[in-house]
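The values are calculated or read from the model by the stated rules, or taken from the named source; none is laboratory data. On a predicted model such as this, the values are computed, not experimentally measured, just so you know. So basically every Cβ, Gly included, is an ideal-geometry build from the backbone, and we count neighbours across all protein chains shown.
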Amino acid sequence: MKLTGVELLRVRMPLVAPFRTSFGTQAERELLLLRAVTSEGEGWGECGAMVDPLYSSEYVDGVEHVLRTFLVPTLLAAGDLTANKVAPLLAKFKGHRMAKAALEMAVLDAELRAHGVSFGAALGSTRDSVPCGVSVGIMDTIPKLVDVVGGYLEAGYLRIKLKIEPGWDVEPVRAVRERFGDDVLLQVDANTAYTLSDVPQLQRLDPFELLLIEQPLEEEDVLGHAELAKHIRTPICLDESVVSARSAADAIKLGACRIVNIKPSRVGGYLEARRVHDVCAAHGVPVWCGGMIETGLGRAANVALASLPGFTLPGDTSASDRFYTEDITEPFVLEGGRLPVPSGPGLGVTPIPARLAEVTTAKSWLAS
């Protein structure tokens, strides 16, 4: 097929409650959507970047600039195009994995819709539903945290992830364990907030039998994670450090992690995410699907990815109402702690026009 144009849409969606992590607090989600128009139909992409370069070096304005200036023009000039050609065509441009991922997602969606194939089937799905966890942000007080966690457990979530930072780690975990018991699947996410000088504090988490501690050190400090692993019993899971299948293989070989969080936007797209999955599976390393506060578009693709066989831990593939009162697609609803894998062509979902119009703040059209 041939790419004939790409529409860029800036959307702003209020969150049901502010979401606080070690790198900041969000009260709304501003993100970039892409609508790729091809000779065979159209497809949708979603960029995981945030407004500020806090989670990663990419941010929404920068993503839009690199798409306009370099990435989209390259694909428009490429002639015959498939999703598998996107990464090689864009490889000459260094970095910008989130921008590339959004563009590849839109092309892949268009291609799969044209052939009547679902995302799950194309990626290698082995299940028709996936178990779901929920990410719980840093709260003002421990009693409030316990109440929020209780609500998510009552809603049916199968795993709880607590965001932590220095000063908000051992006691929140202790409170959740004491209130809900050892049977609750519980993990923590530091978002790079610690250093090796914090080993004694991180060792204090070991008695709580956590599933994992996610990205405790800076993203480039892979050797530091390998050293930390020698001193704590809690399994280390890498997030920000894993940006490709190769980096995952290196981290595993170095002993820097026993588990990997796969975020497709972070590694450059769903096709590379599948390769990360395959590398981890070959090394016996379990993976799970992380989240970037996606709309229903990104959620549909993430759920499809999470249905691959190596995803043996519940991911951050929460229901739509975890973050949004009203999504831009038909909502994903938790049933028995699980979400269904969309079976329709491509993503299996599309934006509801009226709802998309309500949250769109700007849009532009790029064509050859």
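What to note about this one:
Here is a yes/no grid of residues against (1) assigned by TED's automatic domain parsing to the domain that holds ALA17; (2) aromatic (Phe, Trp, Tyr); (3) modelled with pLDDT of 95 or more; (4) not in a helix (DSSP H, G or I):
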{"residue": "PRO131", "(1), (2), (3), (4)": "no, no, yes, yes"}
{"residue": "LYS144", "(1), (2), (3), (4)": "no, no, yes, no"}
{"residue": "TYR152", "(1), (2), (3), (4)": "no, yes, yes, no"}
{"residue": "LEU162", "(1), (2), (3), (4)": "no, no, yes, yes"}
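- Which listed residue, of GLU58, GLU64, GLU42, GLU46, is modelled with pLDDT of 95 or more and crowded, with 24+ Cβ neighbours inside 10 Å: GLU46
- Of the listed requirements (1) in a helix (DSSP H, G or I); (2) within 16 Å of ILE236 (Cα to Cα), ALA193 misses just one: (1).
- The set of residues in region 127-151 being closer than 18 Å to GLU335 by Cβ and free of Cβ contacts under 8 Å to residues at least 24 places away in the same chain consists of GLY151 alone.
- Residue within region 179-187 that is in contact with a helix residue (DSSP H, G or I) (Cβ under 9 Å, 6 or more places away or on another chain) and within 14 Å of THR234 (Cα to Cα) present: yes
- So ASP52, is it surrounded by fewer than 19 Cβ atoms within 10 Å (Cβ to Cβ), among the acidic types (Asp, Glu), outside the structural domain of GLN215 (by TED's automatic domain parsing) and touching a residue at least 12 places away in the same chain (Cβ under 8 Å): yes
- In region 12-59, the qualifying residues are those that are among the acidic types (Asp, Glu) and assigned to a strand (DSSP E or B), and the one that is nearest to the chain's Cα centre (by Cα) is GLU46.
- Tally of residues being of a type in the set (S, T, N, Q) and over 23 Å from PHE93 (Cβ atoms) across region 238-293: 1
- Of residues in region 60-113 being assigned to a helix (DSSP H, G or I) and without any contact (Cβ under 8 Å) to a residue 12 or more places away in the chain, the one nearest to the chain's Cα centre (by Cα): ASP61
- Boolean, LEU347 is closer than 27 Å to THR74 by Cα, under 18 Å from the mean Cα position of the chain (by Cα) and at pLDDT 95 or above: yes
- Only one entry in GLY137, GLY156 is touching a strand residue (DSSP E or B) at 6+ places or on another chain (Cβ under 6 Å) and over 21 Å from ALA273 (Cα atoms), namely GLY137.
- Selection over region 130-160 of residues that are among the aliphatic types (A, V, I, L, M), in contact with a Pro (Cβ under 9 Å, 6 or more places away or on another chain) and more than 16 Å from PRO18 (Cβ to Cβ) gives a count of 4.
- Selection of region 174-190 for residues being touching a residue at least 12 places away in the same chain (Cβ under 8 Å) and either assigned to a strand (DSSP E or B) or surrounded by fewer than 21 Cβ atoms within 10 Å (Cβ to Cβ) (or both) yields ARG174, ALA175, ARG177, ARG179, PHE180, ASP182, VAL184, LEU185, LEU186, GLN187, VAL188, ASP189.
- Scan of region 230-272 for residues that are in contact (Cβ under 8 Å) with a residue 40 or more places away in the chain and part of a helix (DSSP H, G or I), ordered by number: PRO264, SER265, ARG266, VAL267, TYR270, LEU271, GLU272
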